[in-house]
Amino acid sequence: MPRSTKKQLRATWLQVHKWIGLALAILIIPISLTGSALVWHDWLDAQIEPQRHASYGEATMPPSAYAASAKRVIAADERIASIRFDAESGPVVVTATRQLPAGSSGRPERTNVWLNPTNAVVIDKASASSGLVQVMHVLHGSLMVPGWGRTIVGWVGVFMFLSCLTGLWLWWPLTGSFRSGLKWKRRKTVNANLHYFSGFWILIPLAMLSLTGAWISFPKVFGAFESRPAPSANDRARAMRAMPLETPALTADRAVAAAKPHATGRLASIGWPTDQNAEWKIGFSREGGPAEVVVPDATGEAKAPKPPQPETLARTMRRWHDGTGMGPVWQIAIFLGGIIPALLSITGIIIWWRARKPRQKARDYERLVATAP
């Protein structure tokens, strides 16, 4: 490609790269920093709320005992929705939900109650949407903007991916070998060298995080690549508004007893029947993924769990994005992939601001010459 053509393309990509960075900097920084912190969200939550992650012993009491203990501390209009059992002797967590007012949209309010697994004594209680870690999840996933927040974050991911591609073009040396691009002193200022150098080394993790973030935000768009269709936004919204039955025919103890013949491991969770699906969902641990035994509330006749299903592409994208089960090296790369974009945004703004001064002086000089007698 002729040198003049390369310069023209470089100038075009520079404008695209610059304005993506400037326009989205205020969004990229909080999304990136919260994403970095959430790589180790369990550890972070354990530092903030250690009582929720301590080891208390094995859960030996019947499920009804945990449900009864939780009912004593939740509001009268809240209903038990689920019980989760920790695999490492941590607290039993009971989740309760409250009916939305008529005509309201969104998801119902949820309350979590942490119980000592050995005696069902209440350890802690809090709204499911409260706490620093949960706030960071909401900020990272939707910028705390109701309705359109997830879509905004998805488009930020799309433009960040485009910024990675344009950044690679701008990093690539116009003259000289590939190795010359790896040098530290490519520019006159530390700020510019920091932008070039860090941008290149984080390029692949950042492009991956941007693409997977867009994938998570637009499941219906990327659902075309799935063997199983992704649920629609309306289906997800409807499922979130499901309310546990106020007086189910079975008790939690009877539902678990009915499911026990199909157990594949320890009891992991109990899901209450709802007004949308009157079935108990009893989860057991299993190699290759949890096993869910369905027990219809009306009959109590348990259905054998389905065999382990292959991981969906959407689940793979989410694990790549948040580092779940990916090992410490991957998690460190994701952590840096969140810190460095914030650094790139700041250094990019400084580069743009410093470049404005000589351009402004040149315009002032041209204006002075044009108006001179």
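Per-structure values
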| quantity | calculated |
| --- | --- |
| Per-residue SASA entry for SER55, accessible area with 1.4 Å probe, Å² rounded to 10 | 90 |
| GluC sites (Glu not before Pro) within the range 261-317, DSSP loop, no more than 15 other Cβ atoms inside 10 Å | GLU287, GLU301, GLU311 |
| Length added when fully stretched, PHE225-ALA263, from 0.36 nm per residue minus Cα-Cα | 10.3 nm |
| Accessible surface of MET144 - all protein chains present, 1.4 Å probe, nearest 10 Å² | 110 |
| Modelled FRET efficiency - R0 35 Å, ALA87 with TRP155, Cβ distances, 0.05 increments | 0.40 |
| Accessible-area ranking of ILE80, ILE340, largest first, probe 1.4 Å | ILE340, ILE80 |
| Too-long pairs where the Cα-Cα distance tops 32 Å, listed order kept, from LYS125/LYS306; LYS220/LYS306; LYS125/LYS303; LYS125/LYS281; LYS71/LYS281 | LYS125/LYS306; LYS125/LYS303 |
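The values are calculated or read from the model by the stated rules, or taken from the named source; none is laboratory data. Please read these numbers as outputs of a predicted model, since none were measured by experiment. Glycine also receives a Cβ, built like all others from the backbone with ideal geometry; neighbour counts cover every protein chain displayed. Just so you know, the surface numbers come from the protein's heavy atoms only, side chains and all, with ligands and any DNA or RNA stripped out. Shrake-Rupley method; radii C 1.70, N 1.55, O 1.52, S 1.80 Å.
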